[in-house]
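The values are calculated or read from the model by the stated rules, or taken from the named source; none is laboratory data. Quantities reported herein were computed from a predicted structural model and do not represent experimental measurements. All Cβ positions, glycine included, derive from the backbone under ideal geometry; neighbour counts span all protein chains shown. Surface areas here come from the heavy atoms of the whole protein model, side chains and all, with no ligands, DNA or RNA. Shrake-Rupley method; radii C 1.70, N 1.55, O 1.52, S 1.80 Å.
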Amino acid sequence: MKDFDSILNIWNEQADNTPKVDYKELISRYKKSRNKFSAKIWIELIWMVLAACTIGYLWATLSFNTWTTHIAMFIFELCCFYYIYTQIKNLKTLNNDSLLETPEKHIDYIEGFRKERFQQNTRNYYVYTVALALALGLYFIEFFNHVNTITLVLAVAFSITWFALCTFFIRVVYIRKEEKRFNELIAELERLKKQFANQEN
């Protein structure tokens, strides 16, 4: 019994001596993780703005022979603007500091955002991909008038391969990385929640 008491005393001493993390440091670490996530979204947003401008420029300056190409360009631009809109919305959601004073609410907030992003990367992605495939198919009608059959078949095969690669490999890796980022954010908030609970006690 005496040995048990001495072990318990040693354990209590170690528990008391464990350094408490300052909540300001926790908030700083959380914001650092969140800023990495925001930077990724900003990069994607900038690339999509450049893509939208390039497509708009080509649409305005090149002459097309078929009306299907104009519909294709319109769909391409629509997809770009939809993506830009969702990324701006995601940035606003991610950078909301109003709930940081109450970690429980902020955890729920981030969990809600996580579900939105997962929906964007799954259901919305498939709708987006179908729209792009339709636009590409309409553009290939124009393309068919300027190239031989072998080149057209190669272009279609390359497009199908690229869509398959994006859907079944790149998207899966992307979702996995994004889940890791969300886990980091929520882990920091959980630490913050525990720190607040300890200070209240």
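So PHE64 fits all but one of (1) surrounded by 12 or more Cβ atoms within 10 Å (Cβ to Cβ); (2) assigned to a helix (DSSP H, G or I); (3) among the hydrophobic types (A, V, I, L, M, F, W, C); what number is the exception?
Only one criterion is unmet by PHE64, namely (2).
Residues in the range 96-112: is at least one within 23 Å of MET48 (Cβ to Cβ) and in a helix (DSSP H, G or I)?
No, the range 96-112 has no match at all.
Please enumerate the residues belonging to the range 59-84 that are within 19 Å of ALA133 (Cβ to Cβ) and among the aliphatic types (A, V, I, L, M).
If the condition is that a residue be within 19 Å of ALA133 (Cβ to Cβ) and among the aliphatic types (A, V, I, L, M), then ILE71, ALA72, MET73, ILE75, LEU78 are the ones that fit.
Does ILE170 satisfy the condition of being surrounded by 13 or more Cβ atoms within 10 Å (Cβ to Cβ) and modelled with pLDDT under 90?
It is false that ILE170 is surrounded by 13 or more Cβ atoms within 10 Å (Cβ to Cβ) and modelled with pLDDT under 90.
Between a first residue in the range 133-158 that is closer than 19 Å to LEU62 by Cβ and open to solvent by 40 Å² or more (accessible area, probe 1.4 Å) and a second residue that is at pLDDT below 80 and not in a helix (DSSP H, G or I), which pairs have beta carbons less than 6 Å apart while being 6 or more apart in sequence or on different chains?
Every condition considered, no pair remains.
Among the listed residues ILE43, ILE88, ILE84, identify the single one that is within 14 Å of the chain's Cα centre (by Cα), open to solvent by 80 Å² or more (accessible area, probe 1.4 Å), at pLDDT 90 or above and not charged (D, E, K, R).
When all the criteria are applied, what remains is ILE43.
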